[in-house]
1. Which value, in Å², gives the accessible area per residue of the range 180-324 when a 1.4 Å probe is used on the protein heavy atoms?
2. Computing the accessible area with a 1.4 Å probe over protein heavy atoms, can you report the carbon and sulfur percentage for the range 258-371?
3. Rounded to two decimals, what is Rg over Rh for the range 133-173 when you use alpha-carbon atoms and the Kirkwood radius?
4. Measure off, as a whole percent, the carbon and sulfur share of the 1.4 Å-probe accessible area of the range 90-167, all protein chains present.
5. In whole Hz, what ³J(HN,Hα) sequence does the range 186-203 give by Karplus (6.51, -1.76, 1.60; θ = phi - 60°), x for Gly and Pro?
6. Quick one: which residues, 5 or more positions from residue 192 or on another chain, have an amide H under 5 Å from its amide H? H modelled 1.01 Å from N in the peptide plane, none for Pro or chain starts.
7. So if we plug the beta-carbon distance of residue 260 and residue 387 into 1/(1 + (r/R0)^6) with R0 = 35 Å, what FRET efficiency do we get, rounded to 0.05?
8. Each residue of the range 223-240 in order: what ³J(HN,Hα) in whole Hz does its phi give by Karplus 6.51 cos²θ - 1.76 cosθ + 1.60, θ = phi - 60°, with x for Gly and Pro?
Amino acid sequence: MTKISFIVLLVFLSSANQCFSKSSNVYEYWLDNFLIKKINENTTDKITKNLITLHLKEKLKNYKNTKITLEKFFQAEFSQPEKYFIKEILNTKTIFGKKLKIKLEKELKNIEREFGVDRNILLAIWANETFFGKAGPSFDGLQILSLLSFASNKRNFFLKEFLNLIKISEKYKIDFETLKSSTSGALGQPQFLPSTFLNYGVDFDNDGLANIWDSEADTLASIANYLSKHGWNDEREWGFEVKIPRSIKCHLEGPDHSRTLLQWEKLGLVRVSGKPFPEKDKAQSYNLLFPSGTLGPIYLVSNNFYVLKQYNNSDLYALSVGFLADKLKYKNHIFYTEWQDTRKINKNDIIKLQKKLSKNYDVGGIDGLVGYKTRRAIGLYQKENNIKQTCWP
């Protein structure tokens, strides 16, 4: 495949907003004068037909219309923590997951042996991404990535993914119509971006293709390979729900306040289940996690939790994987602390809050997401202004 000059790309993108706002047919211009000319001639006809079809279907006549099309793909609100943990959905995933754990016993055992990642974690990610492959992505991957590389705020990133998708099609002789994706360009049952597929996809059944679309073994092995390469340690628990003494406040959350389990134990933290902390983990480093501030369960989490965040950079996602994995592993696993109802929060409102807090506190970036640094900044503000500390907006 013809390599694109990323220096030329950067120059082009640096002036993109200006030319987009002035042109009446900029998506068509983008296709004809930029994308299509940079692609291998053997693939050009297929891509042109696919993307021009999108152009005609969506009537993408200007940059503004394209932005509106993109925005339809994304939720405007930050998900409420309690919505991640609806009991009926968790129970359904648990029932299906336990059946699959029996059905795929041989494959899971071999994958565990090769990659050193617990089978329950693999099943939990698979469940969260595509409900064990039953709810796979349905968008045209080439079209989605062309839109994102044309009009998103991360054009360079998505253009590289667009080119990687073409590389996948050419290398493995896969038709573009087969390469369905999510609205963010993620592929297959484990929801890998094209670059992730190329770097971590595993052909576990040895048929010549890391088939994350149709093969259960390849899907699970690919997830395991990704976690293993990012530092998963199967000898360590991912986390424990805990009860904290009054002396421990929510602004002490975060990996930069890590202590060993033994140290936390001496400070008065105990498992809510009443079980002791495992002796093998007591010398290991853990830190506090307040996923919903003081309005929900509190956890001590290990580095494995942050490996899960490498897969999807969200505290709630990583917690949902860990919790579901424990439901698959243990009998009658529950949250001992109820999730309190929280109000819907618009991302724009969070951004405004982060901008105000960032004048005096580290909020971890102005991104519209309530990560641990934003929660901690809220808690410190509440403390300094004699407001009850909840670490939640």
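1. Numbers: 5430 Å² over 145 residues.
On a per-residue basis, the range 180-324 sits at 37 Å².
2. Working: 2690 of 5590 Å².
The value for the range 258-371 is 48 percent carbon and sulfur by accessible area.
3. Result: Rg/Rh = 1.04.
4. In the range 90-167, the share of accessible area belonging to carbon and sulfur is 51 percent.
5. 7, 10, x, 5, x, 6, 8, 5, x, 5, 5, 4, 5, 8, 10, x, 10, 8
6. The list, which skips near neighbours in sequence, is 187.
7. Taking R0 as 35 Å, the efficiency between residue 260 and residue 387 is 0.65.
8. Per residue, the Karplus-derived 3J(HN,Hα) values read 4, 4, 4, 4, 5, 4, 5, 9, x, 4, 10, 6, 7, 10, 5, 7, x, 9 Hz.
The values are calculated or read from the model by the stated rules, or taken from the named source; none is laboratory data. Bear in mind that the values here come from a model prediction, so they are computed numbers and not experimental data. FYI the Cβ positions are ideal-geometry reconstructions off the backbone, even for glycines, and counts take in every protein chain you see. These area figures cover heavy atoms from the full protein model, side chains too; ligands, DNA and RNA do not enter into them. Shrake-Rupley method; radii C 1.70, N 1.55, O 1.52, S 1.80 Å.
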